[in-house]
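The values are calculated or read from the model by the stated rules, or taken from the named source; none is laboratory data. Because the structure is predicted, anything quoted here is derived from the model rather than measured. Quick reminder, even Gly has a Cβ in these numbers, built from the backbone with ideal geometry, and neighbours come from all protein chains shown.
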Amino acid sequence: MAAIVDVQSLSKTYKGGFTALNAVSLRIEEGEILALLGPNGAGKTTLISTLCGITTPTGGRASVGGHDIIDEYRAARAMIGLVPQEIALEPFEKVINTVRFSRGLFGRPRDEALIERILRQLSLWDKRNNRIRELSGGMKRRVLIAKALCHEPRVLFLDEPTAGVDVELRRDMWEVVRGLKESGVTIILTTHYLEEAEAMADRIAVINRGEILLIEDKAALMRRMGRKSLRIDLVEPIGTVPDTLASYALERTNEGQSLIYNYETRAEGTGITRLLQALASEGLSVRDIETRQSSLEEIFVGLVREDAA
């Protein structure tokens, strides 16, 4: 796939000397979902704002659909839909007029069929004549998405799109995101719900202190950096782990009824077979075993901690 967003050594330093972006480079492929992860203040929103033309970079270059974000601002911006963190909507305007107005801002001709399709897709059609002030916070976020989609962008930035949204609405919104991807829209999202990124994203980018720590296929990242743990439930609890098992670094839990063994997924051998044999040699009978893969959240926390060290 071709890169629809191309960022080369993009930097942003404010007048006070604070560097929000430090030579950021990444290529985002057309039709993919990229999750941009990082702690508060890492530079996620600054990067999105810069690509959307809200903030001017102090160094580097970037293009969207082949259009330079500075030299060809209007062409680049026309390809972008942005759902910001903040809910900034005219409270007394009707939903449908709000969306129509946004389409008009991009110079697109009136298209009532498209507006209806977007509002229906976001479960807003029944509320099209409601004033914004009458909507819940979750429904207002849906209006933000409708506004971002109304000019038919090829790239959609979602900056914390499900913040403050209840579980049911969040699930519905991600169904919409899946549908957008199927239609060919490229999606870049930031989220604090890392289980969402794990479920939705094709690739993961981690940013901290204005620098990209990595950008990698999600499945490959999980394999490369993931750890697994084996929970071993014993028939009889033990008071202490036998010294002969010290090399396995077992963790005693559940009042000695269970043992936890951690191992690397990328290692040549897991050591599980030898461990089970060692348990049998010690006369410890196993009732059940269960494996668990480390989550994206655990990988993310580990990366950020390493970067801060």
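Consider region 237-264 and keep the residues that are polar (S, T, N, Q) and not in a strand (DSSP E or B). The one that is surrounded by the fewest Cβ atoms within 10 Å (Cβ to Cβ) is 240. Residue 178 falls short on exactly one of the conditions (1) farther than 22 Å from residue 262 by Cβ; (2) surrounded by 18 or more Cβ atoms within 10 Å (Cβ to Cβ); (3) not polar (S, T, N, Q), and that condition is (2).
Taken over region 132-155, the criterion of being farther than 18 Å from residue 104 by Cα and not in a helix (DSSP H, G or I) is satisfied by 135, 136, 155. Among the residues making up region 35-56, those that are surrounded by 19 or more Cβ atoms within 10 Å (Cβ to Cβ) and within 12 Å of residue 210 (Cβ to Cβ) are 38, 42, 43, 44, 45, 46, 47, 50. Residue 139 passes every criterion in (1) touching a residue at least 60 places away in the same chain (Cβ under 8 Å); (2) over 21 Å from residue 54 (Cα atoms) apart from (1).
Looking across region 177-192, just one residue is closer than 19 Å to residue 87 by Cα and in contact with a Lys or Arg (Cβ under 9 Å, 6 or more places away or on another chain), and that is 190. Would you check if residue 145 is out of contact with any Asp or Glu (no Cβ under 6 Å at 6 or more places or on another chain), β-branched (Val, Ile, Thr) and not assigned by TED's automatic domain parsing to the domain that holds residue 23? Answer is no for this residue. Considering region 265-288, the residues that are surrounded by 14 or more Cβ atoms within 10 Å (Cβ to Cβ) and under 30 Å from residue 199 (Cβ atoms) include one that is modelled with the highest pLDDT, namely 272. Taking the conditions exactly as written (at pLDDT below 90 and either in the same structural domain as residue 52 (by TED's automatic domain parsing) or over 29 Å from residue 40 (Cα atoms) (or both)), does residue 136 satisfy them or not? Yes; evaluated as a whole, the condition is true for this residue.
Are there strands (runs of 3 or more DSSP E) fully within region 1-86 with at least 3 residues that are more than 23 Å from residue 202 (Cα to Cα)? List them. Please lay out each step first, then the result.
Details: elements: 3-13, 19-29, 33-37, 59-64, 80-83.
Correct list: 3-13, 19-29, 59-64.
Please tell me if residue 91 is under 27 Å from the mean Cα position of the chain (by Cα) and either in contact (Cβ under 8 Å) with a residue 40 or more places away in the chain or more than 30 Å from residue 133 (Cβ to Cβ) (or both). It is false that residue 91 is under 27 Å from the mean Cα position of the chain (by Cα) and either in contact (Cβ under 8 Å) with a residue 40 or more places away in the chain or more than 30 Å from residue 133 (Cβ to Cβ) (or both). Only residues that are more than 16 Å from residue 260 (Cα to Cα) and either buried (at least 18 other Cβ atoms within 10 Å of the Cβ) or modelled with pLDDT of 85 or more (or both) were counted in region 217-233, giving 5.
Cβ-Cβ contacts under 8 Å between residues 6 or more apart (or on different chains), taken from a first residue in region 13-41 that is among the aromatic types (Phe, Trp, Tyr) to a second residue that is surrounded by 13 or more Cβ atoms within 10 Å (Cβ to Cβ) and part of a strand (DSSP E or B), are listed as 14/20. The condition of being among the β-branched types (Val, Ile, Thr), more than 30 Å from residue 23 (Cα to Cα) and out of contact with any helix residue (DSSP H, G or I) (no Cβ under 6 Å at 6 or more places or on another chain) holds for only one of 115, 70, 132, 54, that being 132.
Scanning region 290-306 turns up one or more residues that are modelled with pLDDT under 65 and surrounded by fewer than 11 Cβ atoms within 10 Å (Cβ to Cβ).
Only residues that are at pLDDT 85 or above, over 21 Å from residue 31 (Cβ atoms) and touching an Asp or Glu at 6+ places or on another chain (Cβ under 7 Å) were counted in region 182-208, giving 1.
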